[in-house]
Amino acid sequence: MTRRGLLLSVALVLVGCRERPLPPLPSWTWSPLMRQELKVRLIQDQAIRDSFLAEVNQLGHPTEAMFHKMSSVDSSNQAWLKPIIAQHGWPRRDVLDSIDIEAAFLIVQHADRDPAWQAALLPQIVASHDAGDLDGQSVALLTDRVAKAQHRPQIYGTQTTFQGRNPVIDPIEDSANVDARRAKMGLPPLAVYLHMLDSMVANSGKN
């Protein structure tokens, strides 16, 4: 091959490389121990909330001790997850499966003692939903949680306050169109959601 032919071949190879999409950057990986820890923390997150609802159903209201227990679980979970997210960013489906990503989301959703962290992660949660890694409910829940922490009306009507045994929907921005917004996020109408909450409280602690 002549020198000119060799240069032409190299040029064609370079052009071909330029036209091909670059491979994705290698992603960080959760160790098996970290994934197991996440699953344990998900169980703890859900268990304390089951106990909360059972207490509301039994006593008509949650006790201060129950609030303290739930806050302790949530704070511990956040203290574990926060430095991981700070170092590696929000996990993607090529790193964790959907159940694990949902578990990580719930830790963020329940980190009410650090509303600034919740607000800072909201764009990443939205991006995770856009990528198909989280459902619309997750975006709606955290959007409303952040709004409530900032003393603004919520958008999707996911946040409630207990008045005795009864969950009451917190104030909603443009409440006349809330069901349309909920539908876009795959959520049932507000009336159905409230009925589900009532049933959840009524049936808690019966098993």
Fill in the blank from the handout: Residue count, the range 114-144, condition part of a loop (DSSP other than H, G, I, E, B) and either of a type in the set (Gly, Ala, Ser) or closer than 19 Å to Trp80 by Cβ (or both), comes to 3
Practice task
May I ask you to verify whether Ala147 is part of a helix (DSSP H, G or I), surrounded by fewer than 19 Cβ atoms within 10 Å (Cβ to Cβ), out of contact with any helix residue (DSSP H, G or I) (no Cβ under 8 Å at 6 or more places or on another chain) and not charged (D, E, K, R)?
Solution key: no
Exercise for the section: Select from the range 76-114 the residues that are modelled with pLDDT of 90 or more and among the β-branched types (Val, Ile, Thr) and list them in ascending order. Expected result: Ile84, Ile85, Ile101, Ile107, Val108
Exercise for the section: Quick one: in the range 169-207, of everything that is among the charged types (D, E, K, R) and more than 25 Å from His129 (Cβ to Cβ), which residue is modelled with the lowest pLDDT? Expected result: Lys206
Exercise for the section: Please work out which one of (1) without any contact (Cβ under 8 Å) to a residue 12 or more places away in the chain; (2) touching a Gly at 6+ places or on another chain (Cβ under 7 Å) is the condition Pro123 fails and give its number. Expected result: (2)
Exercise for the section: Considering (1) touching a Lys or Arg at 6+ places or on another chain (Cβ under 7 Å); (2) at pLDDT 90 or above; (3) loosely packed, with under 14 Cβ neighbours inside 10 Å; (4) of a type outside the set (Asp, Glu), say which one Phe67 fails and leave the rest. Expected result: (1)
Exercise for the section: Determine, yes or no, whether Leu121 is touching a helix residue (DSSP H, G or I) at 6+ places or on another chain (Cβ under 9 Å) and farther than 24 Å from Arg41 by Cβ. Expected result: no
Problem - Ala176 vs. criteria outside any loop (DSSP other than H, G, I, E, B) and under 18 Å from the mean Cα position of the chain (by Cα) - result: no
Fill in the blank from the handout: Per the list (1) crowded, with 17+ Cβ neighbours inside 10 Å; (2) outside any helix (DSSP H, G or I), residue check on Phe162 breaks on (1)
Exercise for the section: Check off (1) surrounded by 15 or more Cβ atoms within 10 Å (Cβ to Cβ); (2) out of contact with any helix residue (DSSP H, G or I) (no Cβ under 9 Å at 6 or more places or on another chain) for Ala183 and give me the number that stays unchecked. Expected result: (1)
Handout entry: Filter pass, Val201 being surrounded by 17 or more Cβ atoms within 10 Å (Cβ to Cβ) and out of contact with any Cys (no Cβ under 7 Å at 6 or more places or on another chain)
Key = yes
Exercise for the section: Filter the range 37-54 down to residues that are crowded, with 16+ Cβ neighbours inside 10 Å, over 18 Å from Asp100 (Cα atoms) and in contact (Cβ under 8 Å) with a residue 40 or more places away in the chain, then give me how many there are. Expected result: 2
Fill in the blank from the handout: Among (1) more than 24 Å from Gly60 (Cβ to Cβ); (2) within 20 Å of the chain's Cα centre (by Cα); (3) polar (S, T, N, Q); (4) at pLDDT 95 or above, Ser128 falls short only on (4)
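The values are calculated or read from the model by the stated rules, or taken from the named source; none is laboratory data. Owing to the predicted nature of the structure, the values given are computational and were not obtained by experimental measurement. Don't worry about glycine lacking a Cβ; one is built from the backbone with ideal geometry, like all the others, and counts go over all protein chains shown.
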